[in-house]
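A single structure is presented below for examination.
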Amino acid sequence: MRDFLRRLFSTEEKSKDIAKNRLKIVIMQQKSNISPQVIEEMKKDIIAVFKKYLEIDESGMEINVGQENDTMGLSVSIPVKEVKKRGLNG
Amino acid sequence: MSETNGKVYVITSGKGGVGKTTTTANISTGLAMLGKKVAVIDADIGLRNLDVIMGLENRIVYDIIDVVEGRAKLETAMIKDKHFRENLQLLPAAQTRDKDSLTKEGMDKILNDLRKTFDYIIVDCPAGIEQGFKNATIGADHVLIVTNPEVSAVRDADRIIGLLESQGKKDIKLIINRIKPEMVKRGDMLSMEDILDLLKIDLIGIVPEDEGIVVSANRGEPLVRESQGLAGQAYRNITRRITGEKLPLLDISKQAGFFTKLFKKKTRK
């Protein structure tokens, strides 16, 4: 009942639209010309580069591979814990 | 350092599509709600799905096979849940490998490591009777079988129960999922009693059909967290039974339509 009322009066996005957006990303990843192995490898390399300079929270990372027309986009969100202390000359 | 010695529960079914992954997500989340520290493993290699049900699909970097084959540390591969963080962590399935990549030794090592820091380890296991199933179930202390009140699902559940018993599993309990009280009342659907009579194992819960399940999967938020609906209650009851509480079965016949409920309230005044 409470669920029903919440759904009735809420202005939040319809759950099927959330589902569709989520699936778009997941399916794009599955279908993209780049094989999933390559994407996985790429993710790991990206992490390795960031880890060299920053203390990052790997478990909080989000990586999306999307496609718009013929262009592929990669968005990465990485929570940074702290910047590693380095000497002046790196 | 004190070791927790967590309990390993495997969730499986004979037939696919009976709600195994939804059940795993809800039970794991339900246990985290009770303050338990929970690790949930997607052992359904090749068909990764638990991540989408839990809304964690964008956080996956490493998977269980990376851990088994030594490319990632277990702690790094575990994904912390959006709400419960350290207390609910997912080890995702590999999507690009075959089911045999998850070896018995690999699984044993992961389970033994997780037992040290988690209270419960919940394994979403492949359906069916392949090698993948055996490797995923072998280290479990407890097994939960999910079935629907349908002939094919019940028949396959029986096969899987036989197989698990021959593996020496002692604690096997049944979850009857997606039961429709009206159909049972009409005599058009196997009842809880019918199924228990056929399968001869203990029941840990019944979950009625609930549209909220679809909505919660759309959102990637297991419904056990906030739904007041019957399925949400059913899952909360199952998790409490897992922690050892004795609870009466949910009265699913109470599931009345919205208007009947309104009408009842009015007449009571």
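Kindly provide the set of residues from the range B:54-65 that are assigned to a helix (DSSP H, G or I) and within 17 Å of A:Gln29 (Cβ to Cβ), ordered by number.
Matches in the range B:54-65: B:Glu57, B:Asn58, B:Arg59.
Inspect all residues belonging to the range B:58-65 and state whether any of them is in contact (Cβ under 8 Å) with a residue 60 or more places away in the chain and in contact with a Gly (Cβ under 8 Å, 6 or more places away or on another chain).
So far as the range B:58-65 goes, no, none of its residues is in contact (Cβ under 8 Å) with a residue 60 or more places away in the chain and in contact with a Gly (Cβ under 8 Å, 6 or more places away or on another chain).
Condition first: under 20 Å from B:Arg225 (Cβ atoms) and buried (at least 22 other Cβ atoms within 10 Å of the Cβ). Now tell me which residues in the range B:79-110 satisfy that.
Listed by number, the residues that qualify are B:Ile79, B:Asp81, B:Leu88, B:Gln89, B:Leu90.
Considering every residue within the range B:233-241, establish whether at least one is surrounded by fewer than 17 Cβ atoms within 10 Å (Cβ to Cβ) and either at pLDDT below 95 or within 21 Å of B:Pro126 (Cα to Cα) (or both).
Scanning the range B:233-241, I find no residue that is surrounded by fewer than 17 Cβ atoms within 10 Å (Cβ to Cβ) and either at pLDDT below 95 or within 21 Å of B:Pro126 (Cα to Cα) (or both), so the answer is no.
A further question follows. Here is a check on your reading of the model: is B:Ala39 part of a strand (DSSP E or B) and aliphatic (A, V, I, L, M)?
In short, yes.
Okay, next question. Tally the residues that are more than 8 Å from chain A (Cβ to nearest Cβ) and either within 17 Å of B:Gly6 (Cβ to Cβ) or surrounded by 19 or more Cβ atoms within 10 Å (Cβ to Cβ) (or both), restricting the search to the range B:64-78.
Qualifying residue count, the range B:64-78: 9.
Something else: Please go through the range B:89-117 and give me each residue that is within 14 Å of chain A (Cβ to nearest Cβ) and part of a loop (DSSP other than H, G, I, E, B), ordered by number.
Scanning the range B:89-117 gives B:Pro92, B:Ala93, B:Ala94, B:Gln95, B:Thr96, B:Arg97, B:Asp98.
Looking at the range B:184-215 only, could you name the residues that are under 22 Å from A:Ala19 (Cβ atoms) and out of contact with any Gly (no Cβ under 9 Å at 6 or more places or on another chain)?
Listed by number, the residues that qualify are B:Glu209, B:Val214, B:Val215.
Now, a different point. For the range A:62-80, state whether one or more residues are at the interface with chain B (Cβ under 8 Å from one of its Cβ atoms) and at pLDDT 75 or above.
Taking every residue of the range A:62-80 in turn, at least one turns out to be at the interface with chain B (Cβ under 8 Å from one of its Cβ atoms) and at pLDDT 75 or above.
Looking at this structure, is B:Leu196 of a type in the set (A, V, I, L, M, F, W, C) and out of contact with any helix residue (DSSP H, G or I) (no Cβ under 6 Å at 6 or more places or on another chain)?
yes
Can you tell me which residue in the range B:1-14 is farthest from B:Lys173 (Cα to Cα), limited to those that are modelled with pLDDT of 90 or more, over 14 Å from the mean Cα position of the chain (by Cα) and part of a loop (DSSP other than H, G, I, E, B)?
Among residues in the range B:1-14 that are modelled with pLDDT of 90 or more, over 14 Å from the mean Cα position of the chain (by Cα) and part of a loop (DSSP other than H, G, I, E, B), the one farthest from B:Lys173 (Cα to Cα) is B:Asn5.
What residue, among those in the range B:109-137 that are farther than 15 Å from B:Lys73 by Cα and of a type in the set (D, E, K, R), is nearest to the chain's Cα centre (by Cα)?
B:Asp124
Do we have any residue at all in the range B:77-94 that's in contact with a strand residue (DSSP E or B) (Cβ under 7 Å, 6 or more places away or on another chain) and β-branched (Val, Ile, Thr)?
yes
When you scan the range B:152-170, do you find a residue that is surrounded by fewer than 17 Cβ atoms within 10 Å (Cβ to Cβ), modelled with pLDDT of 95 or more and among the acidic types (Asp, Glu), even just one?
no
Only one of these is at pLDDT below 95, surrounded by 20 or more Cβ atoms within 10 Å (Cβ to Cβ) and of a type outside the set (Lys, Arg): B:Pro149, B:Pro126. Name it.
On inspection, the qualifying residue turns out to be B:Pro126.
The values are calculated or read from the model by the stated rules, or taken from the named source; none is laboratory data. Not measured: the values here are computed from a predicted model. In this analysis, Cβ positions are derived from the backbone assuming ideal geometry, glycine residues included, and neighbour counts consider all displayed protein chains.
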